[in-house]
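The values are calculated or read from the model by the stated rules, or taken from the named source; none is laboratory data. This is a predicted model, so every value here is computed, not measured. No Cβ is skipped: glycine too gets one built from the backbone with ideal geometry, and neighbour counts run over all protein chains shown.
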Amino acid sequence: MPGISIQHRREKIDEFMYLLSKEYGPFEEPRTLPPANELVFTILSQHTSDINSGRAYQNLMKTFETLEQVAEAEVTKIETAIQRGGLAKIKAPRIKSVLNEILDKNESLDLNFLKYLPLEEAIKWLTELKGIGPKSAGIVLNFSLGLPAMAIDTHIYRVSQRLNIIPKSKNVNKAHEFLQRIILPDQITKFHTAIITHGRKTCIAPLPRCNACVLKNLCPSKPGFDSKLKSSSKISAKNVKLTANKKKIIPHSPIPSEENK
Ligand code: SF4
């Protein structure tokens, strides 16, 4: 929707939020961990389920008690503690190095000072840490510190594009800035939770369940998916017909079929 005003996009988002809240709400409040702990949690949650990352985090904190101890620990010990979260060999050195980088930059693992920086500076501070992108920074700033930072994961990116909340031309980094401008600060957490839930349950990849979707009458992508579905069901009907015809021909074919060998 090039040329659409911010106001118009906000009105559309209000309608989406109203319907999504009716469908999936009330939404649980997100976890609130101290910011450095949340940063560790975001590393643990990469490429794994919420349940497994939660278990890995609990076990890490049970083993070491404080993040300062994690920063000093041997990588193999961290690896053992987070085993349940998967990819422990990659995540353990990443956690240790990010904690030490914070200590080098800040002399403390207390990141509450980020709350008092302008949002852009707080995002910059976090994304300058090795391996920390805008999504992790957004989670830390929004969940831990209540700042209006957007965290876009694969679900939010896909669903927002399908609903034309963000233009298709925006890459994921640009989408962060764009959504932060469009979504009102007090709606960011709710938007995050509602759109992720919708992306996991209904607006799935690659083919969404449009007929079961509460937004189907408002969604600009639905007609495209409907015709995709139609043509794929036509192709499968054609394939069924062809297979049936082939089966009829096979007995008269000079080439023996697999079935007749
Ligand atoms: S109508 Fe389809 S594409 Fe649009 S939001 Fe719903 S599930 Fe997603």
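Only a single item in (1) within 16 Å of the ligand (Cβ to nearest atom); (2) surrounded by 23 or more Cβ atoms within 10 Å (Cβ to Cβ); (3) at pLDDT below 95 is not met by Thr154, and it is number (2). If you go through segment 63-102 and pick out every residue that is outside any helix (DSSP H, G or I), under 14 Å from Thr42 (Cα atoms) and among the hydrophobic types (A, V, I, L, M, F, W, C), you end up with 2.
Could you tell me whether segment 75-92 includes any residue that is among the basic types (Lys, Arg) and either surrounded by 21 or more Cβ atoms within 10 Å (Cβ to Cβ) or within 21 Å of the chain's Cα centre (by Cα) (or both)? It would help to see each step written out before you state the result.
Taking segment 75-92 first, the residues among the basic types (Lys, Arg) are 77, 84, 89, 91.
Imposing the further condition that a residue be either surrounded by 21 or more Cβ atoms within 10 Å (Cβ to Cβ) or within 21 Å of the chain's Cα centre (by Cα) (or both) reduces the set to 84, 91.
Scanning segment 75-92, I find at least one residue that is among the basic types (Lys, Arg) and either surrounded by 21 or more Cβ atoms within 10 Å (Cβ to Cβ) or within 21 Å of the chain's Cα centre (by Cα) (or both), so the answer is yes.
State yes or no: is Ile166 closer than 16 Å to Leu33 by Cβ and of a type outside the set (S, T, N, Q)? The answer is no for Ile166.
Answer with yes or no whether Leu39 is touching a His at 6+ places or on another chain (Cβ under 6 Å), within 23 Å of Ile139 (Cβ to Cβ), touching a residue at least 24 places away in the same chain (Cβ under 8 Å) and buried (at least 18 other Cβ atoms within 10 Å of the Cβ).
On the way: touching a His at 6+ places or on another chain (Cβ under 6 Å): no; within 23 Å of Ile139 (Cβ to Cβ): yes; touching a residue at least 24 places away in the same chain (Cβ under 8 Å): yes; buried (at least 18 other Cβ atoms within 10 Å of the Cβ): yes.
Against the criterion (touching a His at 6+ places or on another chain (Cβ under 6 Å), within 23 Å of Ile139 (Cβ to Cβ), touching a residue at least 24 places away in the same chain (Cβ under 8 Å) and buried (at least 18 other Cβ atoms within 10 Å of the Cβ)), Leu39 does not qualify.
Once segment 109-130 is narrowed to residues that are touching a residue at least 24 places away in the same chain (Cβ under 8 Å), assigned to a loop (DSSP other than H, G, I, E, B) and surrounded by fewer than 17 Cβ atoms within 10 Å (Cβ to Cβ), the residue that is nearest to the ligand (Cβ to nearest atom) is Lys130. Going through (1) in a helix (DSSP H, G or I); (2) touching a residue at least 40 places away in the same chain (Cβ under 8 Å) one by one, Asp14 falls short only on (2). Can you name every residue in segment 158-169 that is away from the ligand (no atom under 13 Å from the Cβ) and within 16 Å of the chain's Cα centre (by Cα)? Residue satisfying the conditions is Ile166 alone. I need the full set of residues from segment 206-228 which are near the ligand (Cβ under 10 Å from one of its atoms), surrounded by fewer than 16 Cβ atoms within 10 Å (Cβ to Cβ) and touching a residue at least 12 places away in the same chain (Cβ under 8 Å), in order please. Within segment 206-228, Leu207, Leu218, Pro220, Asp226 qualify.
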